[in-house]
Amino acid sequence: MKRAGLRFTGIALLMLALGFPGAGHAGPTGEMEPELRKLLDQAIHESESFEHRFDAEVWLTDMSGRLQRFIEDDKERLEFLRILHTEAQHARIPPELALAVIEVESRFDRYALSSAGAQGYMQIMPFWLKEIAGPEENLFHAKTNLRMGCTILRFYLDKERGNLVGALARYNGSYGKPAYPNLVLRALNRRWYRG
């Protein structure tokens with residue numbers, strides 16, 4: 001366990017040196033805060049959607065730094081990322097794409113409610129509860145919202161035969177109009193893409 005912790009600290013410090021924004025949330029001494037190290041280690045151990053522990057370490061540390069401006073609480077942020085990665089993998093979509101959609105749809109407000117009635121992180125319309133989940137599900141529950149949003153996005157990607165612009169427009173209900181897909185693609189390229 002101590003060896004894994006040292007390796008993790010080394011990775012986080014390497015990421016800081018390489019300039020990943022907010023990577024590791026270094027404290028005043030320049031080292032990762034112990035509470036955050038513990039939360040990251042817990043999130044890594046509980047993540048089932050990563051093939052290797054190293055992949056979990058790198059992705060969760062990197063995305064946690066990028067997401068901090070939207071979700072300040074370390075525990076909430078890491079739990080959100082763990083769930084999101086699992087649901088995105090389950091739906092076979094890049095988790096970074098889901099992050100970009102969420103940024104545009106709700107700015108990571110779990111309780112966002114649109115004037116049309118769309119709810120939660122991925123702004124799911126309540127009628128989808130009957131189609132996918134069930135009326136007892138709650139769209140403000142992170143796992144339910146992320147599972148449904150990722151599943152819906154996968155459906156539209158399949159319908160559009162991989163055409164991301166078309167799929168995003170369908171997701172937003174603005175098919176044939178480029179404004180929404182452009183917003184998501186801009187967020188993806190500016191903040192979430194790890195190329």
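In whole Hz, what ³J(HN,Hα) sequence does region 160-167 give by Karplus (6.51, -1.76, 1.60; θ = phi - 60°), x for Gly and Pro?
8, 6, x, 6, 5, 4, x, 5
Which of GLU103, GLU72, GLU160 has the fewest other C-beta atoms within 10 Å, and how do the rest follow up to the most?
If I rank by nearby Cβ atoms, fewest first, I get GLU72, GLU160, GLU103.
Loop-only check: which chymotrypsin sites (Phe, Trp or Tyr not before Pro) in region 93-146 are DSSP coil with at most 12 other Cβ within 10 angstrom?
Filter output for region 93-146: TYR111.
Counting other Cβ atoms within 10 Å of each Cβ, which trypsin sites (Lys or Arg not before Pro) in region 102-195 have at most 13 and sit in a DSSP loop?
Answer by residue number: ARG107, ARG161, ARG194.
From zero outward in steps of 5 Å, how is the percent of C-alpha pairs of region 94-195 spread across the bins?
Taking all Cα pairs of region 94-195, the binned fractions are 2, 14, 23, 26, 21, 9, 3, 0 percent.
Taking amide H positions as placed 1.01 Å from N in the peptide plane, with prolines and chain starts having none, which residues 5 or more places from ILE124, or on another chain, fall under 5 Å of its amide H?
GLN119
For HIS52 and ASP158, compute 0.36 nm times the residue count separating them, minus their Cα-Cα distance, and round to one decimal in nm.
Here the segment from HIS52 to ASP158 would lengthen by 35.4 nm.
State the extension gain, in nm to one decimal, for the chain segment bounded by GLU136 and TYR111, taking 0.36 nm per residue of separation less the distance between their alpha-carbons.
Stretched fully, the GLU136-TYR111 segment lengthens by 7.3 nm.
Rule-based calculations on the coordinates, nothing more; no lab input. Values in this document were obtained by computation on a predicted structure and should not be read as measured data. As a convention, Cβ positions derive from the backbone with ideal geometry for all residues, glycine included, and neighbour counts pool all protein chains shown.
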